[in-house]
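Step one of this worksheet: look at the structure below.
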Amino acid sequence: MSGEPRIRVSALITHADSVLLCQHRKLDRRYWLLPGGGVEVGESLHVALARELAEETGLVGVTLEGPIAIVESISPAGTLPRKHVLHVVFHGIAGAGGLVEVTSDDGSIHGHRLVARREIASMDLRPPIQRFLERWRPGDPFVHLGELWSR
């Protein structure tokens with residue numbers, strides 16, 4: 001495996017019965033992620049997530065709770081380059097009216113969407129944590145979702 005495992009922080013931000021997702025594009029493939037990104041050397045998880053939320057969504061002052069879940073994405077043997085990403089998921093609470101204007105200065109983001117939980121199962125989500133997003137509610141215990149890889 002090349003390099004070290006990478007840490008990615010993300011926020012599960014909900015509004016009514018919907019979840020905020022960001023669309024990414026790689027080559028000709030489009031997929032969805034929770035807003036967030038990589039942790040830089042010297043950054044705490046909270047500081048990294050606050051920075052990434054501002055870059056990817058324009059949201060500042062999001063209250064973060066948790067972490068609420070951890071999931072690992074480890075590419076299958078024979079995949080080049082090999083990847084190992086540890087996703088640390090927090091619950092994010094945007095202030096009143098915070099989701100009215102979600103914008104991005106991040107070139108890797110190709111749109112945002114509040115997605116109804118009932119629609120999540122059919123989406124190409126990375127990592128594939130659809131069931132967790134459909135079911136999670138504030139107050140649920142922390143969960144380790146295991147090793148999941150999208151093909």
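The values are calculated or read from the model by the stated rules, or taken from the named source; none is laboratory data. Just so we're clear, the structure is a prediction, and the values are computed from it rather than from any experiment. Virtual Cβ from ideal backbone geometry, glycine too; neighbours counted across all protein chains shown. Ligands, DNA and RNA are stripped out before the accessible areas are found, and what is left, the full protein with its side chains, is counted by its heavy atoms. Shrake-Rupley method; radii C 1.70, N 1.55, O 1.52, S 1.80 Å.
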Filter the stretch 18-40 down to the residues that are open to solvent by 30 Å² or more (accessible area, probe 1.4 Å) and either aliphatic (A, V, I, L, M) or touching a Cys at 6+ places or on another chain (Cβ under 6 Å) (or both) and list them by number. L27, V39
Residues of the stretch 1-17 being in contact with a Lys or Arg (Cβ under 9 Å, 6 or more places away or on another chain) and exposed (fewer than 12 other Cβ atoms within 10 Å of the Cβ), in sequence order, are S2, G3, D17
Residues of the stretch 104-114 satisfying the condition of being buried (at least 17 other Cβ atoms within 10 Å of the Cβ) and modelled with pLDDT of 75 or more: H112
Hits in the stretch 15-48 (condition: hydroxyl-bearing (S, T, Y) and touching a residue at least 24 places away in the same chain (Cβ under 8 Å)): S18, Y31
Residue in the stretch 115-151 that is most open to solvent (accessible area, probe 1.4 Å), counting only those that are basic (K, R) and in contact with an Asp or Glu (Cβ under 8 Å, 6 or more places away or on another chain): R118
Given V71, V62, which one is touching a residue at least 60 places away in the same chain (Cβ under 8 Å), closer than 21 Å to D140 by Cα and surrounded by 13 or more Cβ atoms within 10 Å (Cβ to Cβ)? V71
When the stretch 20-36 is checked residue by residue, the ones that are of a type outside the set (A, V, I, L, M) and either outside any strand (DSSP E or B) or within 12 Å of the chain's Cα centre (by Cα) (or both) are C22, Q23, H24, D28, Y31, W32, P35, G36
